[in-house]
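As structure tokens, the structure follows; a few thoughts come after it.
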Amino acid sequence: MMDIYERGYTVPFSGNSDCEAITHAISEARAMGLYKTVIPRYNKRTGVCRWVLDAPVLVPENFTLVFDNAEVAFTDNGSILVMGEERKPAESIHIFGIGNARLIDEGTYGAMMRIAFAKNVRLHGLTFKNRGTRGIFCLGMTDSYLYDLTFDGEFPPKEAENTDAEENTIRRKNAGGLMLSAGCKGVTVEHIYGKTYGHTVEISAFSGETECDTTQDILVRDVRSDCYTFSNVHLVNAEGHLLSNIMIDGVTDTSKVGALYRGRATVSIGDTVFGRTPSALGEIRNMTVKNITSRAFAAVNIIHSVQDITVADLTIREDGGCGMSCDRTLAYHNIYFCNIKFDDRKTPPYAISEVKKPSYIQPPRETDAHFYPYRAVCNMRDIHGGNFKINGIYANMLDNLLRITGKNSLEMYDVDVENIVYDDIVGGDCIINEEV
């Protein structure tokens, strides 16, 4: 017993399963006043360097859980849980990895780590190898810091030619990264890496599991990932719930030049869930998106509604698409879009049969040959609002300057584009630098 006190933490070793052993070690640490459990690489109970969780392990408040170079597999209902109450959140939880700590999805569901109604959480230093489930789900988290997390999602092989039934099952699963759901406030997420078969970071406000109708004061910084045909950062709300005061600073799409897939957008704003009422004007507001590097169909996609948003400092990679898109409809007020730089394209212009259409150009999700994306500053369908300013466009070649449908009056300055292959402005009632 004295050795445990001198060490300062408990180690799991007794129980009928790894879940029981870890749960017992946590209970022992609390009873001894140590409030810390370390899961080492070597599993003394089984005699192998591996742990298997087939049921939830609950981490209490005021507690530290360390994965010391450990490999932990999640099966059945296995997960790491933090469960507070909405009116009495769990406080001061520290979960982190040392060395090559890996959490591996081997058939669990829901999420590998679920944190609900918790305050002052620190989570870092872990790699999530997720095949068919989300890595981390957070609900009602406040004043917390999540950083230095790597996701190693599994992509379906040769998606466009896929005929195998098991692989088709993989296609329908969500191996996304980190989700901040309704009621999350004052959360910083940064240094997120890897690849995800799903959105890498998702921020949402539509859950019926909390009384709070706002997700706000969120900082997302330094996300570098390959997210397949999804988005590196994805914002979604519905049914009157609010997304407010969110900063996204530094998102890099790391997918390979020439890959037969692209993300829908590096940053998607204003999406919704099927069967739920989309957001209205004022329900997504006060946002800054900056320092984005993209080869997706668009660097930023916005739909349904945005108010008081700044999008700045975009770099479109050599085979990337547009700066900003809207693939449904948009009501907006106050968009400031500035400093959009297109790397020299190493692809031919987009097909003339598509470019000559007056409407929004809908890109395919995947192709069976190298796909040359449509390039314009904006490719936006049915947008309506006031005070849309564009300042600073730099490119050697674009297919069009702007493609916008809907009734709009825009201000646009500092355009430095050497060659526009087709028309400058395509769309309906769009007035540039003039009074309506």
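The values are calculated or read from the model by the stated rules, or taken from the named source; none is laboratory data. Because the structure is predicted, anything quoted here is derived from the model rather than measured. All Cβ positions, even for glycine, are placed from backbone atoms using ideal geometry, and neighbour counts span all protein chains on display. Just so you know, the surface numbers come from the protein's heavy atoms only, side chains and all, with ligands and any DNA or RNA stripped out. Shrake-Rupley method; radii C 1.70, N 1.55, O 1.52, S 1.80 Å.
A few comments on the model shown:
- A single entry from Ala238, Ala259, Ala280, Ala205 fulfils the requirement of being at pLDDT below 95, within 23 Å of Asp143 (Cβ to Cβ), over 11 Å from the mean Cα position of the chain (by Cα) and among the hydrophobic types (A, V, I, L, M, F, W, C): Ala205.
- Considered as a group, the residues in the range 250-280 that are over 21 Å from Gly321 (Cβ atoms) and either out of contact with any Asp or Glu (no Cβ under 8 Å at 6 or more places or on another chain) or of a type outside the set (D, E, K, R) (or both) include one that is least open to solvent (accessible area, probe 1.4 Å), and that residue is Ser279.
- Checked against (1) surrounded by fewer than 19 Cβ atoms within 10 Å (Cβ to Cβ); (2) among the acidic types (Asp, Glu); (3) within 22 Å of Arg102 (Cβ to Cβ), Asp18 passes all but condition (1).
- Single residue of the range 1-15 satisfying the filter (modelled with pLDDT under 95 and among the aliphatic types (A, V, I, L, M)) that is least open to solvent (accessible area, probe 1.4 Å): Ile4
- For beta carbons closer than 8 Å, sequence separation of 6+ or different chains, a first residue in the range 86-97 that is surrounded by fewer than 14 Cβ atoms within 10 Å (Cβ to Cβ) and a second that is part of a strand (DSSP E or B), there are no qualifying pairs.
- Residue within the range 182-205 that is free of Cβ contacts under 8 Å to residues at least 40 places away in the same chain and either touching a Pro at 6+ places or on another chain (Cβ under 7 Å) or farther than 25 Å from Pro156 by Cβ (or both) present: yes
- Candidates Ala118, Ala111, Ala101, Ala73 - the one that is more than 24 Å from Glu154 (Cβ to Cβ), open to solvent by less than 20 Å² (accessible area, probe 1.4 Å) and of a type in the set (Gly, Ala, Ser): Ala118
- Scan the range 92-117 for residues that are of a type in the set (A, V, I, L, M), touching a Leu at 6+ places or on another chain (Cβ under 9 Å) and part of a strand (DSSP E or B) and the total you get is 7.
- None of Glu190, Glu202 is crowded, with 23+ Cβ neighbours inside 10 Å, on the phi < 0 side of the Ramachandran plot, in contact with a Leu (Cβ under 9 Å, 6 or more places away or on another chain) and among the charged types (D, E, K, R) except Glu202.
- Those residues of the range 21-42 which are touching a strand residue (DSSP E or B) at 6+ places or on another chain (Cβ under 8 Å), open to solvent by 70 Å² or more (accessible area, probe 1.4 Å) and closer than 27 Å to Phe117 by Cα, in sequence order: Arg30, Tyr35
- Filter result for Arg45 (part of a loop (DSSP other than H, G, I, E, B) and either open to solvent by 60 Å² or more (accessible area, probe 1.4 Å) or among the β-branched types (Val, Ile, Thr) (or both)): yes
- Within the range 357-407, tally of residues that are assigned to a loop (DSSP other than H, G, I, E, B), under 14 Å from Tyr422 (Cβ atoms) and free of Cβ contacts under 8 Å to residues at least 40 places away in the same chain: 2
- Any chance Arg131 is open to solvent by 40 Å² or more (accessible area, probe 1.4 Å), within 26 Å of Asn232 (Cα to Cα) and outside any strand (DSSP E or B): yes
- Note on the range 55-69: residues that are crowded, with 17+ Cβ neighbours inside 10 Å and either more than 22 Å from Cys138 (Cβ to Cβ) or among the β-branched types (Val, Ile, Thr) (or both) amount to 4.
- The residue of the range 208-227 that is farthest from Asp143 (Cα to Cα), among those that are crowded, with 22+ Cβ neighbours inside 10 Å and of a type in the set (Ser, Thr, Tyr), is Ser225.
- The lone criterion from (1) assigned to a helix (DSSP H, G or I); (2) among the β-branched types (Val, Ile, Thr); (3) within 26 Å of the chain's Cα centre (by Cα) left unmet by Val82 is number (1).
- Filtered by the rule that a residue be under 28 Å from the mean Cα position of the chain (by Cα), more than 17 Å from Val417 (Cα to Cα) and not in a strand (DSSP E or B), the range 320-356 gives Asp327, Arg328, Thr329.
- The range 333-349 - residue that is more than 19 Å from Ile292 (Cβ to Cβ) and modelled with pLDDT of 95 or more and, of those, least open to solvent (accessible area, probe 1.4 Å): Asn334
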